[in-house]
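Q: First the structure, which I've put down as C-alpha cells, then a few questions once you've had a look.
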Amino acid sequence: MKLCRLGFAIAAVFSSLLLFSCASTPKPDTSPETVQESDSSTGHKWSGSGADDSKSGNGQGGQSVSTETVAPSIGTSNGSGSGTSLGVSITFPKSKGSYFYSIDKKALDYAENGSPSSFKMAISQLHKPASEQYTQVEQVLLEICVRVSKIVWPSEIMNYEYSRVTHSNPYTPAIDYAEKGMFDSSTGNSDFFTILLPALLMVTRPAKTEYYQEYDRAITKALALKPDSCLANYLMGRLKNLGGDYQAAIACLNKALGSAPKNREILFALAQAYQGSGEHKKALDICEELLAAVPQNIEYLELCTQASISLGLYDKAEEFVLRVLQVEPNNSDFALVRASILMAKGDYIKASSLLDSYARTSPNDRYYLLLRAQLQKKWNKNLSLASTTMTKALSLYPDDKDVLLLSAQIASESNSSIAGKTALDLASGVLEIEEDNIEAKEVFVKELNKARRYNEAYTISSEMIKSEDVPLSVLYSYVDICLALGKNNEAWTVAEDLYKNDSTVEENIQVYIKVLVGTGRSSQALSLISSLLPTASSQMKSFLYYQKSLTEGTSDAALEDLRSSLTANPRNQDTLYRLYRIYYGRKDWRRAQYYLKQVIALNPNDSTYQAQNAELENLLR
C-alpha cells in the first residue's frame, strides 16, 4: 500500500505540508498493452489482445440457444474470453433497429437503471424455468446484469447463476476487456449499454486515468439517454471525484443514492466527494456509518482518518489509525500517518520514535523527509538541521511542490538559503507549479517585506486579502506593509476588525497595538499595554516594552523600555535593531555594532544589515 493512497491532507495537521487526493484508490497497472485488432469481414475493432474463438450465433431475438450454466466470480474471466468470435459479423435486428427490441421494456428499464435492486428486478423479469431456454438476447442481458453488478456493486450479494454468452455481440466483450484492464473503443455506441460498458474500466482499473476523456464522453452520452440511471450517475460521480469536481460528484452520487439508499459503494464515493469539497463532517459521518457495517475495511478507516485530521480531531484520527494497524501491523505508511498525528498533538517523543523506526527502511521517502524536517523545526527548534533535511529532499524531489514549499518556509524562518536557493526562489518554484498557492504567496510577500520591497509586497498582499479564507498571517503582514508605506487608514481598518473580532488572540492584540502606535494613538496604546503587562508571557512582554519605547519622548526613556524588552526576550530582533539605531544616533559605534551583530546573527543574508556593519567597521578604525 502506497502512502499516496491515504488521501491524507497532512496540511491539515501542519500548515501546508502535504496535499493528497481523496479519489478512489489506484492500483498498480499490470495489464497487457492495448492493441487494435480488426476483423476483415466486419470492420469491427476491439481494443485489446483479442477474444478467444467460440460458438457463434446471429444475435437475433427470439432464437433459442443451447447454454452451459456457470457462476462466475467478480472481476474474472471464465477463460472463454467472452466467447466473442471476431471472424463473425454481428447481426442486429434490422426490422426493429434495436438489439434488445424483443426484451420486455420493464426488464430493460430495470437493467439500464443499474442499481443493485434494479439489476435483480431485471433478472427476475427475465428468469425462466429450467424447462425453457433463453433467447440469445435474453442471455446477453442476463450476463450484463450479473457481471456488471459484481463489478460495480461488490458489497451486494449476487448469486444468480447465469448462462455464459457463446455468440458474437457488442456487449459482453466490453465487459471482458474492462476486466482485463483495456478500454473497448469499438462497441458501436448504438444504445445505453454499448455506450456505457467500456467505462467499467474506471472501476476495474482506477489507475488508468489516461482514459478520463473517454469515460466522460461515454457516461455523458449514457446519461443523456437515461438521466435517472443509478449506474450512470454513480460512474459519473466517481469520475467527477477523480477530476476534482466534487460538487458535481455530490449531485450525481446523491441522485444515484435515491435508487440505492444503503449502497456502500455509492455512500463511500459520496463521502470522498464531501471530503474533497471541504465538508469533512459529512464525510466522517458517512464513513463511520459504513464502518459500523464493516469495521475492518481499510478504505473506510483511511477516509475516516483523513476527515478526522481535517476537522482537527486528532485523538479520533489516531484511533482510526490504530484500528488499521491492528488489521495490518506492518503497515509502515500508517505508522507514518500516526507520527504526523502525534506531532499535531504535541507528542513529539512518540512521533520521533516512529520516524526513527520508519527511517530504517525508507530514509529517502518523501513524506518521511517532510515530517522529519517539521519535527526538527517544531520540536528540536533546530532550523539548521531542518534545512539539511530539506536539502536532501530537494536533491531527491527537486520539482515537488510540497518539498519546495516547506523548504521555502524553513528558509524564510531561518533567513538562510537551502540547496543554494533563497526563500524567494523556492516560493517562486511553488508558484510556477500552482500559481494560486496561498502559502507560497505568503512566503513571497514576507520575503519582499524583509527586503523592504514594500510596493511589490503591497500589490500581491492586497489581492490576497480579498479571499474569503485568507490566513490571518497574511492580514498581519498586510498591516505591516501598509504601515511601512504610510497607508495608515488601510492598516487601521484591518487591525481594528481583527481586534474587534477576537481580542483574546495574542497576534490580533499585537497588530492592534502596532497600528495604535504607528498611527499616533499613543494614549490608547499605553493604556492597553499597561493593562496587559502584568499577566503577559515573556514573548508578549518583550513586544509590549518595545512598542512602549516607540511612544517615549526621550531616548533615555526608550532605552529603559528596550532593556526591559531584551530581559524578557534577548532575541527580539526589533528591539536589538532599535538599540543599534539609538547608539548609532549617539555615535557610540561600538555599542551600536554590538547590537547590530546580534541582528545579523538572526538575519545572516540581509545585505542591508551587512552594509551597515561594514560602515561601522570603517568608523571604528
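The values are calculated or read from the model by the stated rules, or taken from the named source; none is laboratory data. Given the structure is predicted, the values throughout are model-derived calculations rather than measurements. Note: ideal-geometry Cβ built from the backbone for every residue, glycine included; neighbour counts use all protein chains shown. When the accessible area is computed, the model is the full protein with side chains, heavy atoms only, and any ligands, DNA or RNA have been set aside. Shrake-Rupley method; radii C 1.70, N 1.55, O 1.52, S 1.80 Å.
Q: Part of a helix (DSSP H, G or I), open to solvent by 30 Å² or more (accessible area, probe 1.4 Å), aliphatic (A, V, I, L, M) and within 30 Å of Met158 (Cβ to Cβ), is that true of Ala271?
A: Here the answer is no, as Ala271 does not meet what is asked.
Q: State which residue is farthest from Glu435 (Cα to Cα) when the search covers only region 453-470 and only residues that are modelled with pLDDT of 90 or more and open to solvent by 100 Å² or more (accessible area, probe 1.4 Å).
A: Only one residue tops the list, namely Asn455.
Q: Still on this structure: Looking at region 101-158, which of its residues are of a type in the set (Phe, Trp, Tyr) and open to solvent by 10 Å² or more (accessible area, probe 1.4 Å)?
A: Correct list: Tyr101, Tyr110, Tyr134.
Q: Could you list, in sequence order, the residues of region 445-471 that are out of contact with any Phe, Trp or Tyr (no Cβ under 6 Å at 6 or more places or on another chain) and of a type in the set (Gly, Ala, Ser)?
A: The answer is Ala451, Ala457, Ser462, Ser467.
Q: Any residue at all in region 165-175 that is touching a helix residue (DSSP H, G or I) at 6+ places or on another chain (Cβ under 8 Å) and surrounded by fewer than 21 Cβ atoms within 10 Å (Cβ to Cβ)?
A: No, every residue in region 165-175 fails to be touching a helix residue (DSSP H, G or I) at 6+ places or on another chain (Cβ under 8 Å) and surrounded by fewer than 21 Cβ atoms within 10 Å (Cβ to Cβ).
Q: Being open to solvent by 10 Å² or more (accessible area, probe 1.4 Å) and in contact (Cβ under 8 Å) with a residue 12 or more places away in the chain is the filter here, so list the residues in region 219-232 that pass it. It would help to see each step written out before you state the result.
A: Our first condition is that a residue be open to solvent by 10 Å² or more (accessible area, probe 1.4 Å); within region 219-232, this holds for 220-221, 223-228.
Within region 219-232, Thr220, Lys221, Leu223, Leu225, Lys226, Asp228 meet the criteria.
Q: Could you check how many residues of region 333-345 are out of contact with any Lys or Arg (no Cβ under 9 Å at 6 or more places or on another chain) and open to solvent by less than 50 Å² (accessible area, probe 1.4 Å)?
A: 7
Q: May I pose another question? Do you know which residues across region 285-316 are assigned to a helix (DSSP H, G or I), over 17 Å from the mean Cα position of the chain (by Cα) and among the aliphatic types (A, V, I, L, M)?
A: The answer is Ile286, Leu290, Leu291, Ala292, Ala293, Ile298.
Q: Looking at Tyr546, is it under 19 Å from Asn449 (Cβ atoms), buried (at least 19 other Cβ atoms within 10 Å of the Cβ) and hydroxyl-bearing (Ser, Thr, Tyr)?
A: Considered against the rule, which asks whether it is under 19 Å from Asn449 (Cβ atoms), buried (at least 19 other Cβ atoms within 10 Å of the Cβ) and hydroxyl-bearing (Ser, Thr, Tyr), Tyr546 comes out as yes.
Q: Only residues that are within 13 Å of Leu311 (Cα to Cα) and either touching a Cys at 6+ places or on another chain (Cβ under 9 Å) or open to solvent by less than 40 Å² (accessible area, probe 1.4 Å) (or both): list them for region 281-291, please.
A: Residues satisfying the conditions are Ala283, Leu284.
Q: Can you name the residue in region 199-210 that is in contact (Cβ under 8 Å) with a residue 12 or more places away in the chain and open to solvent by 40 Å² or more (accessible area, probe 1.4 Å) and is also nearest to Glu265 (Cα to Cα) among such residues?
A: Per the stated criteria, the residue is Arg205.
Q: Among the residues of region 568-621, write down those that are touching a Ser or Thr at 6+ places or on another chain (Cβ under 8 Å), open to solvent by 50 Å² or more (accessible area, probe 1.4 Å) and not charged (D, E, K, R).
A: Result: Gly585, Pro604, Asn605.
Q: Ala207 - would you say it is touching an Asp or Glu at 6+ places or on another chain (Cβ under 6 Å) and under 30 Å from Ala335 (Cα atoms)?
A: Yes.
Q: With the structure loaded, tell me whether Asp556 is in a helix (DSSP H, G or I), farther than 30 Å from Ile418 by Cα, free of Cβ contacts under 8 Å to residues at least 40 places away in the same chain and open to solvent by 70 Å² or more (accessible area, probe 1.4 Å) or whether it fails that test.
A: So Asp556 fits the description; yes.
Q: Let me ask something additional. List pairs: first residue in region 248-263 and on the phi < 0 side of the Ramachandran plot, second residue crowded, with 22+ Cβ neighbours inside 10 Å and of a type in the set (S, T, N, Q) anywhere in the structure, Cβ distance under 6 angstrom, at least six positions apart or on different chains.
A: Ala249/Asn241; Cys252/Asn233; Lys255/Asn233; Ala256/Asn233; Ser259/Ser115; Ala260/Ser115
Q: While we're looking at this one, here's another question. For region 206-216, state whether one or more residues are touching a Ser or Thr at 6+ places or on another chain (Cβ under 8 Å), more than 23 Å from His127 (Cα to Cα) and in a helix (DSSP H, G or I).
A: Yes, region 206-216 has at least one match.
Q: Let me ask something else. Kindly list, by first and then second residue, each pair from a residue in region 381-393 that is free of Cβ contacts under 8 Å to residues at least 12 places away in the same chain to a residue that is in a helix (DSSP H, G or I) and open to solvent by less than 80 Å² (accessible area, probe 1.4 Å), limited to pairs with Cβ atoms under 7 Å and residues at least 6 apart or on different chains.
A: Asn382/Gln376; Leu385/Gln376
Q: Here is a list of conditions, (1) buried (at least 22 other Cβ atoms within 10 Å of the Cβ); (2) of a type outside the set (Asp, Glu); (3) in a loop (DSSP other than H, G, I, E, B), and Lys262 meets all of them except one; can you say which number that is?
A: (1)
Q: Residues that are crowded, with 22+ Cβ neighbours inside 10 Å, modelled with pLDDT under 95 and of a type in the set (D, E, K, R): which helices (runs of 4 or more DSSP H) entirely in region 370-452 hold 1 or more of them?
A: 438-450
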